[in-house]
Structure formats: C-alpha cells, structure tokens
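**Q** One structure follows; several queries about it will come next.
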Amino acid sequence: MTTTPLADRTTTVAARATELSKVYGQGETQVVALDRVSVDFRQAEFTAIMGPSGSGKSTLMHCVAGLDTFSSGSVRIGETELGSLKDKQLTKLRRDKIGFIFQAFNLLPTLTALENITLPMDIAGRKPDKEWLDTVIAMVGLADRLKHRPSQLSGGQQQRVAVARALASRPDIIFGDEPTGNLDSRSGAEVLGFLRNSVRELGQTVVMVTHDPVAAAYADRVVFLADGRVVDELLSPTADTVLDRMKQLDTRVRTT
Ligand SMILES: Nc1ncnc2c1ncn2[C@@H]1O[C@H](COP(=O)(O)OP(=O)(O)OP(=O)(O)O)[C@@H](O)[C@H]1O
Ligand SMILES: [Mg+2]
C-alpha cells in the first residue's frame, strides 16, 4: 500500500470544518451545540458520526451541508468557503454539490419513483446522465419499481429511492442523518450496502449520522462527538470495536 503525501490528502478533502462553533440562544438558555469542531471528510471516504443524543451530530451535519448557519469558525465544501457565500450562491452549491438522505424519506407522494429520483435535477434544469442514472437505479435494485408511487413501495424501497435521488446528480458529498433509522435490519443493511458500494465503486463521499454500531461498521471511519466536541475517531470500524469505543467514552464521560 502506498501512503498518500500530505499535499495530496489536502487536495482530496470533500468537506472541512475548522474550529466550527454553533451556539443556540443566549444567557441562561444558551446551548453550545458545537464547540470548536475541526474535522475533514475526504473524497471517496465513508464516515459515520456517532455520539449521545444531543451531542451535536445533526447540527454538525447541517452546518457542514450549508443547511444551517454557524456562530464561528469555517466550513468549506471542496474549495468553497461557505461563509463567503450569499444565500443564492449557497442554495446553488447545496443543489449542485450536496445530496441528502433524511430519516423521513421526504419523497413527493404524487410523483413516481423515477420522478422523485430526478426531481432535484429537474428543479435545477439539469439533464440526468442516462448511463449514470441506470447504474444508480440498478445498484439500488429499483428498475422494476420506477413507475410506482411512494405509497406503493415498502419503507425499504422508499429509502432506496431517497438514496438513488441523492446519488443521481453525482453530488460531491452525500449527507445522511440516520438514513436507516426507520428501516428493519434487512432493509437497513441493503441501504448501507448501497452507500458503501457507492463509495468503493463509484468514488462517492458519504457522511452518515447513526446510533447503530452495526451501521457504523459499514463506514471507513467513525468520528465520535460528545458535548459538541470531537472526542475520538476510529478507522476501519467493526461493530465490536465501535461498541467497545462507545463503552469507553461512556465511562470517560461519567468519571470526568
Ligand atoms: N433550534 C435549536 N434551538 C436550541 N437548541 C437546539 C436547537 N437545535 C438543537 N439544539 C440543541 O443543540 C444540541 C445538539 O443538538 P443536535 O440535534 O445536533 O444533537 P444530535 O447529536 O443530533 O442528537 P440526536 O441523536 O438526539 O439526534 C442539543 O443540546 C439540542 O438541544
Ligand atoms: Mg440528530
């Protein structure tokens, strides 16, 4: 295996937060949701974000994805500093460079599966790359369900539509906030398998929040948050090593 020179690694950063802080409210009701978080998400890497409820996982993802403002620090997507963008530019960047998969699939009930998949591109006035679209649809196994509406699909199939929608426009980076949280373990495993394949085979960059050590084990790397800070990181995770690390962090939090 060759090691990547530092210079190369920095050019392959898909997204980066530097000293990122997010404070909600003021005075007695003030909540520091993110406390000077610095983290890189590299291209073609699958990162899981874990941590207790309220530790700042969704806030971090929303700030890095340009869905929420931050109090201080900086975020860049590729070479673009989000702080330097006007609202319109930010909307465009989100539309062109970022894919989202939410826990509630956010599909439009009146559109077919295929129409849902291509909707973001239709809104942006972009023509889907047919070959790529076919690859994505084949990968998520939806070829024979494209004319169905969401209500005619199972939960797992709906979530696969949401995954295909995120992948279809070839975004620079895909963010998922508990993308398998609503699925049974088999459908969840399928969706996680697609995400991992998209990273391994298609070079997609994926960042996913999860509470589930088994889901985190699909990632290349786990970043652990506690109280708005990055407290640990684990490479090549397995469900067991993730669970162990969660226990250690739990004890550390309780004894300090
Ligand atoms: N709009 C808001 N106003 C005030 N405080 C907020 C707001 N949104 C989040 N918070 C607080 O910020 C902290 C981090 O919230 P966040 O949603 O990022 O947690 P999380 O790690 O995603 O938790 P969960 O696992 O429960 O989804 C929490 O203490 C939360 O109460
Ligand atoms: Mg959350």
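The values are calculated or read from the model by the stated rules, or taken from the named source; none is laboratory data. Keep in mind that what you see is a predicted model, and the values were worked out from it rather than measured. Cβ sites come from the backbone with ideal geometry, for glycine too, and all protein chains shown count toward neighbours. The protein model used for the area step is the full one, side chains on, heavy atoms only, and it has no ligands, DNA or RNA in it. Shrake-Rupley method; radii C 1.70, N 1.55, O 1.52, S 1.80 Å.
**Q** Sort out which residues of the stretch 44-60 are buried (at least 20 other Cβ atoms within 10 Å of the Cβ), under 15 Å from the mean Cα position of the chain (by Cα) and within 9 Å of ligand 2 (Cβ to nearest atom), and write them in order of number.
**A** G56, K57, T59 - these are the residues of the stretch 44-60 that are buried (at least 20 other Cβ atoms within 10 Å of the Cβ), under 15 Å from the mean Cα position of the chain (by Cα) and within 9 Å of ligand 2 (Cβ to nearest atom).
**Q** May I ask you to list the residues in the stretch 138-170 that are closer than 25 Å to K92 by Cα and open to solvent by less than 10 Å² (accessible area, probe 1.4 Å)?
**A** Q159, V161, A162, V163, A164, A166, L167, A168, listed by residue number.
**Q** Within the stretch 219-256, how many residues turn out to be open to solvent by 60 Å² or more (accessible area, probe 1.4 Å) and not basic (K, R)?
**A** Looking only at that region, the number is 15.
**Q** Just checking, how many residues over the stretch 33-43 are open to solvent by less than 70 Å² (accessible area, probe 1.4 Å) and either away from ligand 2 (no atom under 13 Å from the Cβ) or free of Cβ contacts under 8 Å to residues at least 40 places away in the same chain (or both)?
**A** The qualifying residues number 7.
**Q** Could you check the stretch 47-96 and list, in sequence order, the residues that are in contact with a helix residue (DSSP H, G or I) (Cβ under 8 Å, 6 or more places away or on another chain) and small (G, A, S)?
**A** A48, G51, A65, G66, S74, G78
**Q** So A7 fits all but one of (1) at pLDDT 95 or above; (2) open to solvent by less than 80 Å² (accessible area, probe 1.4 Å); what number is the exception?
**A** (1)
**Q** Still on this structure: Quick check: anything in the stretch 88-98 touching a strand residue (DSSP E or B) at 6+ places or on another chain (Cβ under 8 Å), open to solvent by 30 Å² or more (accessible area, probe 1.4 Å) and in contact (Cβ under 8 Å) with a residue 24 or more places away in the chain?
**A** Within the stretch 88-98 (the criterion being touching a strand residue (DSSP E or B) at 6+ places or on another chain (Cβ under 8 Å), open to solvent by 30 Å² or more (accessible area, probe 1.4 Å) and in contact (Cβ under 8 Å) with a residue 24 or more places away in the chain), the answer is yes, since at least one residue qualifies.
**Q** Are any residues in the stretch 16-32 closer than 17 Å to E81 by Cβ and exposed (fewer than 15 other Cβ atoms within 10 Å of the Cβ), and if so, which ones?
**A** The answer is T18, E19.
**Q** Take the stretch 196-218 and flag every residue that is within 17 Å of F100 (Cα to Cα) and open to solvent by less than 20 Å² (accessible area, probe 1.4 Å).
**A** Correct list: S198, V199, Q204, T205, V206, V207, M208, V209, T210.
This table checks each residue for (1) of a type in the set (S, T, Y); (2) under 23 Å from R200 (Cα atoms); (3) at pLDDT 90 or above.
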site	(1), (2), (3)
S84	yes, no, yes
D96	no, yes, no
N116	no, no, yes
K130	no, yes, yes
Q152	no, no, yes
A166	no, yes, yes
I174	no, yes, yes
E178	no, yes, yes
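**Q** Right, next: For the list (1) within 16 Å of ligand 1 (Cβ to nearest atom); (2) of a type in the set (A, V, I, L, M, F, W, C); (3) out of contact with any Pro (no Cβ under 8 Å at 6 or more places or on another chain); (4) not in a helix (DSSP H, G or I), I need the number of the one condition that A48 fails.
**A** (3)
**Q** Same structure, new question: Across the stretch 33-42, which residue is farthest from T205 (Cα to Cα) among those that are in contact with a helix residue (DSSP H, G or I) (Cβ under 9 Å, 6 or more places away or on another chain) and of a type outside the set (K, R)?
**A** A33
**Q** I would also like to ask the following. Answer yes or no as to whether A15 is under 25 Å from R196 (Cβ atoms), part of a strand (DSSP E or B), of a type in the set (A, V, I, L, M) and more than 16 Å from ligand 1 (Cβ to nearest atom).
**A** Against the criterion (under 25 Å from R196 (Cβ atoms), part of a strand (DSSP E or B), of a type in the set (A, V, I, L, M) and more than 16 Å from ligand 1 (Cβ to nearest atom)), A15 qualifies.
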